[in-house]
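In what follows, a single structure is set out as structure tokens and then discussed.
The values are calculated or read from the model by the stated rules, or taken from the named source; none is laboratory data. Keep in mind the model is a prediction, meaning the values are calculated, not measured. A quick note on method: Cβ atoms are made from the backbone with ideal geometry, for glycine too, and the neighbour counts reach across all protein chains shown. In case anyone asks, the SASA skips ligands and DNA or RNA and just uses the protein heavy atoms, side chains included. Shrake-Rupley method; radii C 1.70, N 1.55, O 1.52, S 1.80 Å.
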Amino acid sequence: NLNMKILRLNFNKLHSLEKNLFNNLTQLVNLFLSHNKLKKIEDNLFIDQKNLFELDLSFNHLEELGNRSLYGLESLTRLKIENNYLKRIERFSFIHLKNLEILDNFGYQKIVKIESEAFLGLGNLIGLVLKFNLLTKFENFTFSGLKNLLRLYINNNQIRYLEPEIFDELKNLI
């Protein structure tokens, strides 16, 4: 059905998604892919998903997100990605997600490094969860561009050092 709005593929055994899988599903608003065995999101997989508001990738085996993995998701407001195997968040990973409000969440991963400017472009983001990872420090400009962020959870990591200006741009934290 080309007019499909909601697609639930959660609780399956998907290991990968073909590059053109969602090309004809341009009206999707919600896509649930949680509780599968996905290891990678191919670049440009979501290039035709201009109407997608919510994407759930939680409880998979994702090890990386490239800066084009989420390309095309211009309307996305909520991304769920907890409980994967992500080890790092690359610079400009979310540069295309200008409408994202909730990044729920990067908790319960294996993240050891977040590159500076990784969250650049997320000016509408209000909540960011990075709890229960293996982070030891945050570099300056890690949180660049998060001017509307209200909630930041970085508890239960292994933080040993914080740069003096790390929170300077986060003027709205509650």
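Report relative contact order for region 57-103 in percent, whole number only (criteria: Cα-Cα under 8 Å, sequence separation at least 6). If you can, show how the numbers build up before the last one.
On the way: 76 pairs, mean separation 23.8, N = 47.
Across region 57-103, relative contact order equals 51 percent.
Would you mind checking Lys13/Lys113; Lys50/Lys110; Lys37/Lys87; Lys13/Lys87; Lys19/Lys87; Lys37/Lys80 for any pair whose Cα atoms are more than 27 angstrom apart? Spell out each step's value before the answer.
Working: Lys13/Lys113 29 Å; Lys50/Lys110 30 Å; Lys37/Lys87 17 Å; Lys13/Lys87 22 Å; Lys19/Lys87 23 Å; Lys37/Lys80 15 Å.
Table pairs above 27 Å Cα-Cα are Lys13/Lys113; Lys50/Lys110.
From the square roots a ≥ b ≥ c of the eigenvalues of the alpha-carbon gyration tensor of region 1-55, which class results: rounded (a/c under 1.5), prolate (a/b over b/c), or oblate? Can you show the working numbers first?
Numbers: a/c = 1.92, a/b = 1.34, b/c = 1.43.
Judged from the Cα gyration tensor, region 1-55 comes out oblate (a/c at least 1.5, b/c at or above a/b).
When you count, for each residue, the other Cβ atoms within 10 Å and take the mean per peptide, how do 94-102, 10-18, 60-68 rank with the highest first? The partial results should precede the final answer.
On the way: 94-102: 19.4, 10-18: 12.4, 60-68: 17.6.
So the order, starting with the most tightly packed, is 94-102, 60-68, 10-18.
Could you derive backbone 3J(HN,Hα) for region 165-172 from the dihedral phi with the Karplus parameters 6.51, -1.76 and 1.60 (θ = phi - 60°), listing whole Hz in sequence and x where the residue is Gly or Pro?
My calculation for region 165-172 gives 9, 4, 9, 4, 7, 8, 7, 9 Hz in order.
Residues in region 27-55, backbone N under 12 Å from the label point at His61 (7 Å along the Cα-to-beta-carbon vector): list them, ranges by number please.
Counting backbone N atoms under 12 Å from the label point, the list is 36-40.
Roll a 1.4 angstrom probe over the protein heavy atoms and tell me the percent of accessible area of the chain that is carbon or sulfur.
Numbers: 4300 of 8740 Å².
About 49 percent, which is the carbon plus sulfur part of the accessible surface.
With the Cα gyration tensor of the chain giving a ≥ b ≥ c as the square roots of its eigenvalues, does the rule (a/c under 1.5 for rounded; else a/b larger than b/c for prolate; else oblate) give rounded, prolate or oblate? Walk me through the numbers before you get to the answer.
Working: a/c = 2.16, a/b = 1.59, b/c = 1.36.
It is prolate, given that a/c is not under 1.5 and a/b is the larger ratio.
Mean separation of Cα pairs under 8 Å and 6+ residues apart, divided by the residue count of region 1-147: what relative contact order is that in percent? Numbers along the way, then the final one.
On the way: 437 pairs, mean separation 24.1, N = 147.
Averaging sequence separation for qualifying contacts and normalising by length gives 16 percent for region 1-147.
Name the residues whose placed amide hydrogens come within less than 5 Å of the amide hydrogen of Lys137, ignoring near sequence neighbours (fewer than 5 apart) on the same chain.
Close amide H contacts, sequence-distant or interchain: Arg160.
Determine the order of Arg78, Arg88 by accessible area, beginning with the largest, at a probe radius of 1.4 Å. Mind showing how you got there, number by number?
Numbers: Arg78 75, Arg88 105 Å².
Ranked list, largest accessible area first: Arg88, Arg78.
Tell me, what is the per residue accessible area of the chain in Å², probe radius 1.4 Å? Let's see the in-between values first.
On the way: 8740 Å² over 174 residues.
Value returned for the chain: 50 Å² of accessible area per residue.
Full extension from Ser116 to Lys5: what is 0.36 nm times the residue separation minus their Cα-Cα distance, to one decimal in nm?
Values: separation 111, 0.36 × 111 = 39.96 nm, distance 3.56 nm.
Value of the extension gain: 36.4 nm.
7 Å from Cα along Cα→Cβ at both Glu74 and Asn20: what's the point-to-point distance in nm?
Computed distance between label sites Glu74 and Asn20 equals 2.3 nm.
Run the simple label-point estimate for Ser144 and Asn51 please: 7 Å along Cα→C-beta, distance reported in nm.
Modelled inter-label distance: 3.6 nm.
Choose one of Ile41, Ile174, Leu100: the residue whose Cα lies farthest towards the positive end of the charge dipole of the chain (beta-carbon charges +1 Lys, Arg; -1 Asp, Glu; about the Cα centre).
Ile41
What is the magnitude of the charge dipole of the chain about its Cα centre, with +1 placed on the Cβ of each Lys and Arg, -1 on the Cβ of each Asp and Glu, and no other charges, expressed in debye to the nearest 20?
On the way: 23 positive and 20 negative charges, 94 e Å.
The dipole magnitude comes to about 440 debye.
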